[in-house]
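K.L.:
I have a structure I would like to understand better, so I am pasting it below and will then ask my questions one at a time.
The values are calculated or read from the model by the stated rules, or taken from the named source; none is laboratory data. On a predicted model such as this, the values are computed, not experimentally measured, just so you know. All Cβ positions, even for glycine, are placed from backbone atoms using ideal geometry, and neighbour counts span all protein chains on display. Only protein heavy atoms, including side chains, enter the accessible area calculation; ligands, DNA and RNA are left aside. Shrake-Rupley method; radii C 1.70, N 1.55, O 1.52, S 1.80 Å.
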Amino acid sequence: MTTLHTATTDTVYTKEALKALSGLPCGPLSPLARVAATDRPADAAALAATLMGLSGAWEQAAPALFNPQRTLLFLAGDGETSLVGQYVWPDRAARGPGFQVVTSDTAVRLNGPHSAAHIAGILTESLGLGQVVAPEPVRLSLTLPQFWCLAAMADAYAYGLLRRRLERLHGRPLGVAQGDVLALWAAGVEGLNLGWAVSLFATLLPDYLPQDFPATLDATLAAMEQGDLLLRVDDTTGDPRAGLLLFGEDLNLLCQGLVQNASLFGLVLQDQTGPKTTATAMLGGWRTPQGLWVADFGRIDDDAVELQLLGPEYLLDVINEVYVPNSGEDSFETALAADQRYAVAGLLKALQAAPPPPSAPPRPAPATPAAPVTPPAPAAPDQRFCAQCGKPLNQGAKFCRACGSQIS
């Protein structure tokens with residue numbers, strides 16, 4: 001997977017450094033909430049050095065990382081290349097500098113600073129909107145299960161499964177096999193490839209991913225057939241997985257565009273609206289030479305998704321309206337003054353007040369070897385003395401050498 005790089009200036013926070021402020025609650029949109037903690041000891045000195053090294057626009061990188069007021073996630077893929085861009089701002093109006101966030105197994109890296117207008121230009125270029133024509137608008141109103149089914153059908157079609165069989169029956173591919181829809185669903189859920197619709201939308205909408213897709217597929221297909229979105233052709237073997245799903249006019253228009261330099265995209269914009277509340281706007285879809293198929297998820301909680309075929313101007317307007325600063329918002333300085341805990345000075349103060357990391361238990365001092373004990377000298381045999389003069393006698397002597405008396 002490729003990360004979008006929009007500048008060469010970086011600041012790196014190692015996980016050990018970030019662990020030094022693990023007791024400080026981050027804002028609800030902070031990407032740090034999704035960074036796995038390290039088992040290694042905290043490194044408060046490294047974090048202090050990084051924070052004290054920030055100056056100018058980079059001083060806003062700290063509140064943008066720990067308590068962002070606006071975040072943007074951009075996803076794109078064409079089956080061969082996947083692009084991911086994650087950006088944070090310290091204020092909702094995005095007047096302040098923005099920073100790209102790149103996480104790895106060992107660190108969190110911030111790249112920037114970037115203006116919102118500059119990032120909007122990066123998105124426009126990455127989406128290749130200059131290659132898209134303005135088509136006749138098409139609008140499909142889908143339920144959420146129908147949208148997930150369409151995503152799996154689009155994947156099955158784009159990867160050409162059973163295309164030859166369809167060509168023999170109808171002269172050109174107009175549908176997919178039901179078994180291939182199930183196979184591509186499983187592949188998209190299990191593997192991360194942003195060129196697959198199931199995989200991209202599962203990344204974009206993880207809370208709405210159905211857990212019972214195979215079990216409910218027949219009912220979903222029946223509803224789509226009733227709405228003239230497709231026609232089911234049963235296989236003569238009686239196996240429903242071998243049946244064909246022939247597209248209606250609108251779905252055929254979508255899938256025909258998937259084999260002509262098509263790609264997928266997704267955008268998620270989040271704003272912090274209160275200390276613990278956020279607002280989210282999401283859209284995604286397919287970029288084809290025939291136009292943009294844009295899925296609007298504004299009513300997703302009502303089990304509804306609007307899918308529209310539109311020209312590039314629509315997405316250009318969305319990018320410019322949403323990602324370019326709004327003059328009606330509070331000033332950048334007002335937004336920053338709201339909470340100083342996440343400014344550089346506030347973080348350094350929290351770092352000083354943080355309890356020191358638990359130290360390792362003291363290692364026992366090596367035992368002092370005991371002084372060698374000298375064994376007592378063997379006891380001398382009983383000493384005898386001369387009865388006449390009192391002088392000591394040699395062992396075994398028969399006469400006293402001092403006085404010559406005989407020893408009895």
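K.L.:
Take ASP303 and GLU125, extend 7 Å from each Cα along the Cα→Cβ direction, and tell me the distance between the two endpoints in nm.
P.N.:
4.5 nm
K.L.:
Given a 1.4 angstrom probe, what's the average accessible area per residue across the range 259-313, in square angstrom?
P.N.:
Accessible area per residue: 39 Å².
K.L.:
Once both labels are modelled 7 Å past Cα along the beta-carbon direction, what's the SER22-LEU192 spacing in nm?
P.N.:
2.3 nm
K.L.:
Which ³J(HN,Hα) values in Hz, rounded to whole numbers, follow from the phi angles of the range 187-200 under the Karplus curve 6.51 cos²θ - 1.76 cosθ + 1.60, where θ = phi - 60° and Gly and Pro get x?
P.N.:
With coefficients 6.51, -1.76 and 1.60, one gets 5, x, 6, 7, x, 9, 9, 6, x, 9, 4, 4, 5, 5 Hz.
K.L.:
Once fully extended, how much extra length lies between PHE385 and THR273, figured as 0.36 nm per residue of separation less the alpha-carbon to alpha-carbon distance?
P.N.:
Length gained, PHE385 through THR273: 29.1 nm.
K.L.:
Continuing with this model, one more query. First compute the accessible area of the range 30-164 with a 1.4 Å probe, then give the percent of it belonging to carbon and sulfur atoms.
P.N.:
It is 51 percent, rounded to a whole number.
K.L.:
Computed FRET efficiency, Cβ-Cβ of LEU209 and GLN260, R0 41 Å: what is it to the nearest 0.05?
P.N.:
Efficiency, from the Cβ-Cβ distance: 0.90.
K.L.:
Same structure again: Taking 0.36 nm per residue of separation and subtracting the Cα-Cα distance, what length does fully extending ALA117 through GLN340 add?
P.N.:
77.6 nm
K.L.:
Taking the Cα centre of each part, how many Å lie between the range 118-136 and the range 44-102?
P.N.:
23 Å
K.L.:
What accessible area per residue, rounded to a whole number of Å², is obtained for the range 37-80 using a probe radius of 1.4 Å?
P.N.:
43 Å²
K.L.:
Suppose all protein chains stay in the model; what accessible area per residue would a 1.4 Å probe give for the range 177-231, in Å²?
P.N.:
Per-residue value: 44 Å².
K.L.:
Expressed in nm to one decimal, what extension gain is obtained for the pair ASP218 and ALA281 from 0.36 nm per residue of sequence separation less their Cα-Cα distance?
P.N.:
Separation in residues times 0.36 nm, less the Cα-Cα distance, equals 19.6 nm.
K.L.:
When a/c is below 1.5 the answer is rounded, else prolate if a/b is larger than b/c, else oblate, so apply that to the range 11-121 with a ≥ b ≥ c taken from the square roots of the Cα gyration tensor eigenvalues.
P.N.:
oblate
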